[in-house]
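Data first, discussion second: the structure below is written as structure tokens.
Since every read-out is calculated from the coordinates, none of them should be taken as a lab result. Given the structure is predicted, the values throughout are model-derived calculations rather than measurements. Cβ placement follows ideal geometry from the backbone for every residue including glycine, while neighbour counts extend to all protein chains displayed.
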There are 2 protein chains.
Amino acid sequence: MALVVQKYGGSSLADAEQIKSVARRIARTCDAGNQVVVVVSAMGDTTDELIELANSISNHPDPREMDVLLSTGELVSCTITAMALRSLGYRAISLSGAQAGITTNTSHGQAQIAGMNPERIMEELTSGDIVIVAGFQGVTPEMDVTTLGRGGSDTTAVALAAALRAARCEVYTDVDGIYTADPRRVPRAQKLDEIGFEEMLELASYGAKMNPRSIELGMVYDTPILVASSFDDTPGTLIHGEADMNRDVGEIRNRVGGIATDTNVAKITVLSVRDRPGIAASLFEPLADQGISVDVIVQNASVGGATDLTFTVKRTDLGRAQQVVEEVARELGGGEVVTASDLAKLSIVGTGMLDATGYASKMFRTLADAKINIEMITTSEIRITCIVAEAQLDRAARALHSAFDLDKPE
Amino acid sequence: MALVVQKYGGSSLADAEQIKSVARRIARTCDAGNQVVVVVSAMGDTTDELIELANSISNHPDPREMDVLLSTGELVSCTITAMALRSLGYRAISLSGAQAGITTNTSHGQAQIAGMNPERIMEELTSGDIVIVAGFQGVTPEMDVTTLGRGGSDTTAVALAAALRAARCEVYTDVDGIYTADPRRVPRAQKLDEIGFEEMLELASYGAKMNPRSIELGMVYDTPILVASSFDDTPGTLIHGEADMNRDVGEIRNRVGGIATDTNVAKITVLSVRDRPGIAASLFEPLADQGISVDVIVQNASVGGATDLTFTVKRTDLGRAQQVVEEVARELGGGEVVTASDLAKLSIVGTGMLDATGYASKMFRTLADAKINIEMITTSEIRITCIVAEAQLDRAARALHSAFDLDKPE
């Protein structure tokens, strides 16, 4: 008897009919002789509706209160899913994040899991229940509800799978797996049968529809994650430790496994900062204090003791980041702060890519031939990322997808 | 500095504008130098919508799951109210029933408060916060969410006021106080300035729009309860220990203070039960086990060793009650079970009424003159109740209201 953790996203739980259909899928997994723990997101657009309600009351809703509000969405869907299973004749019980033993730090809105104590889950499983856990939420040591940020239900599911030493974590959503690129941007994108954790982490961080933290957790605890559609029975994509991405693109022994795209990007440039040691720290520390992550950083060569410092943040963080940066720039006697939010990130991802030569130059050449200007460049061991104009993103992604032989056959 | 507990019902919190208006009212109480604890019900029709959602999934939603579902309504309204206060520049924090220290037994759907530990509330008050508590909910020792039944937010408010030794509990709703009768049935009903706990308990149990359990709590802990409108600043009705109801009806020294009406009534008759000792117990014990309260009971004189047993239950309990009764009747070798749900309860309420003579006969005479048939009769120390046809209820209530000189001047 295996223990399986399944996660269902909001688009799979949009209404009563869909929830009944999800309940039948859970029941089948149970019938197959598995113990099942299910993690659910809020139904359909519930989270957006709750945010709208909060915004109708307050311009700056308090993060702690916002977490109480948003957490109700998952409470509703988990108890409704439990009811649906019971009405099919199965034993099922819903648990809140707190009841499921998920404790977090106090960073409301983007809390980090601090501890897992799945004792209650184990009790309920042992007594024969299917356990439905409210995703996306935890509780501080002071018993205040927290949320794990967008996509947090993925994190809940993988963390539970790891803590319960589950055979695997199955993430059901409205897409049928992980693709070589976003099919809406690159029509010839192909579904991958499997992918390694590291590559998936880069794809997820750079645009694919999975929470990167959940992939990290899967990698650290070596918990295989299956991403599949809740609407049909196609096989999906298995994210695990032993995948060789090269196999997935067929005959061609190409080390680029996928193209990642991300439009949640904005650029901030501080002009004419005095170029002295510690200048970057004094700028980026206050951003980190505000929980704003800085991604690509470029510092131009110093001219006459002054330098231009350019970096990217999430577009959704731009307002707050700009406020912080302008304050610091004033203190440093620095110059003007310029921002742009019409940019996008475009990455090629593949294991061992940087061990081999020619991938970077092929990427830059392909973009140049397509008359696409590169604004900034950054790399990791298995990724090369260019910042380009958002208006050119789709064309650029298609060009790279073709150039690295990822296109599916016509 | 006084500590005041305020409760706002769902009809006072129907949308963002109403919530902002409630927040301004809370703020005024705070500005007047009070510490304020606020208990809220779910916004508008939220509870009904959640019940509808559950019914779309399951014919018999599990009571434990139902409580998780329903409790989310109050979580939303308490956090939204806290946000509204913060956006007015006040310090405010929302607490769930569990965080507010309200523990209950495990009777899901109609849980009884088992303990109050308002430590966290006191901390937050001391630190300068207005505390907004989710009404209607508590938590079992196993940390499972429970609800206190319809009107449970009244109970939460009065229990908190008692536990915090608050100066008073203010219940804001969509009516401006307690009336001598339901103004929708009796147009000449008058608002009472004050009323005693005992009379209010009878009125509440027999139709007025307050949860009887909350009145009992106020009586036991001697916590004055003000019932007033959240929509204007008219004075409302003070329910307290020292009220002399006689004063409230003006010149006339009449001991009937109010007329109570209740249409949540159904009648069950078991025909031809063998008349032997213990027959009532064997019928009513299984009903009590199911949490069904039996109200008026009439046993007809025994004819030839067989008797007809008639009693009333809440109309909302009729289905379940009938099932239990039919089972027991079969076991007892009893006869047919007949039910009717077109009845209503009509009561006259007043302190010391039964010490004086003539009230019962005046009630029966008035109803007879109005050609209204009395089906059953029951009395308490301060109440006389008749079961009549629902179709005749309004006419009967108006006749009694006039007969006992309760009508407001034309």
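Excluding same-chain pairs closer than 8 in sequence, count the lysine pairs in chain A whose Cα atoms lie under 13 Å apart.
Working: A:LYS191/A:LYS408; A:LYS267/A:LYS314; A:LYS267/A:LYS345; A:LYS314/A:LYS345.
Final tally of qualifying lysine pairs is 4.
Read phi for every residue in the stretch B:185-195 and hand back ³J(HN,Hα) as whole Hz from Karplus 6.51 cos²θ - 1.76 cosθ + 1.60, θ = phi - 60°, with x for Gly and Pro.
So the Karplus estimates, Gly and Pro as x, are 9, 10, x, 8, 5, 10, 6, 8, 6, 8, 7 Hz.
Please state the shape class of the protein assembly as shown: rounded when a/c is under 1.5, otherwise prolate if a/b exceeds b/c and oblate if not, all from the C-alpha gyration tensor.
prolate
Whole-Hz ³J(HN,Hα) for each residue in the stretch B:91-103, computed from phi via Karplus 6.51 cos²θ - 1.76 cosθ + 1.60 with θ = phi - 60°, x for glycine and proline: what do you get?
Each residue's phi maps through the Karplus curve to give 7, 8, 9, 9, 10, 6, x, 4, 5, 6, x, 9, 9 Hz.
With θ set to phi - 60°, apply the Karplus curve 6.51 cos²θ - 1.76 cosθ + 1.60 along the stretch B:221-227 and write out the HN-Hα couplings as whole Hz, x wherever there is a Gly or Pro.
Working through the residues one at a time gives 9, 6, 9, x, 10, 9, 9 Hz.
Sorted by mean Cβ packing within 10 Å, highest first, what order do the peptides A:41-54, A:133-146, A:64-77, A:85-98 take? Please report the intermediate quantities before stating the final value.
Working: A:41-54: 18.7, A:133-146: 24.2, A:64-77: 25.9, A:85-98: 22.0.
Ranking the peptides A:41-54, A:133-146, A:64-77, A:85-98 by packing returns A:64-77, A:133-146, A:85-98, A:41-54.
Counting only residues 5 or more places away or on other chains, whose amide H sits under 5 Å from the amide H of A:ARG91 once H atoms are built in the peptide plane?
The answer is A:ILE130.
For a quick check: sort A:ASP62, A:ASP405, B:ASP369 by the number of other beta carbons within 10 angstrom, fewest at the front. Mind showing how you got there, number by number?
On the way: A:ASP62 21, A:ASP405 13, B:ASP369 10.
Fewest-to-most Cβ neighbours within 10 Å comes out as B:ASP369, A:ASP405, A:ASP62.
Pull out a ≥ b ≥ c, the square roots of the eigenvalues of the alpha-carbon gyration tensor of the stretch B:3-249, then state rounded if a/c is under 1.5, prolate if not and a/b is larger than b/c, and oblate in the remaining case.
Values: a/c = 1.41, a/b = 1.17, b/c = 1.20.
Here the stretch B:3-249 falls in the rounded category.
Give the distance, in whole Å, between the Cα centre of the stretch B:140-213 and the Cα centre of the stretch A:372-410.
The two parts, judged by their Cα centres, are 66 Å apart.
How crowded by other chains is A:58-71, given as the mean number of beta carbons from other chains within 10 Å of each beta carbon?
Values: counts 11, 1, 3, 7, 9, 0, 4, 13, 2, 1, 13, 10, 2, 5.
Whole-number average of other-chain Cβ neighbours for A:58-71 is 6.
Counting only residues 5 or more places away or on other chains, whose amide H sits under 5 Å from the amide H of B:ALA306 once H atoms are built in the peptide plane?
B:ASP275
Can you give me the span-like helices of chain A, meaning DSSP H runs with 24 Å or more of Cα extent along the axis and Kyte-Doolittle mean at or above -1.0? Write down the numbers at each step before the final one.
Values: long enough: A:63-87 (37 Å, 0.48).
Going by DSSP H runs, the hits are A:63-87.
For the stretch B:269-297 and the stretch B:1-79, compute the distance between their C-alpha centroids and round to whole Å.
38
For the stretch B:266-340, what does the alpha-carbon gyration tensor say about shape, rounded, prolate or oblate, given a ≥ b ≥ c as the root eigenvalues, a/c under 1.5 as rounded, and a/b over b/c as prolate? List each step's numbers first, then the result.
Numbers: a/c = 1.73, a/b = 1.54, b/c = 1.13.
Since a/c reaches 1.5 and a/b is larger than b/c, the shape of the stretch B:266-340 is classed as prolate.
For the residues B:MET1, A:MET116, B:MET353, what sequence is obtained by ranking on other C-beta atoms within 10 Å, fewest first? Let's see the in-between values first.
Working: B:MET1 8, A:MET116 18, B:MET353 25.
Fewest to most other Cβ atoms nearby, the residues stand as B:MET1, A:MET116, B:MET353.
Name the long-range amide H neighbours of B:VAL39: under 5 Å, sequence gap of 5 or more, or other chain; modelled H, no Pro or chain starts.
B:GLN6, B:LYS7, B:TYR8, B:VAL133
Rank these for me by crowding, A:CYS169, B:CYS78, B:CYS30, A:CYS386, going from fewest to most other beta carbons within 10 Å. Mind showing how you got there, number by number?
Working: A:CYS169 29, B:CYS78 32, B:CYS30 19, A:CYS386 24.
Result, fewest neighbours first: B:CYS30, A:CYS386, A:CYS169, B:CYS78.
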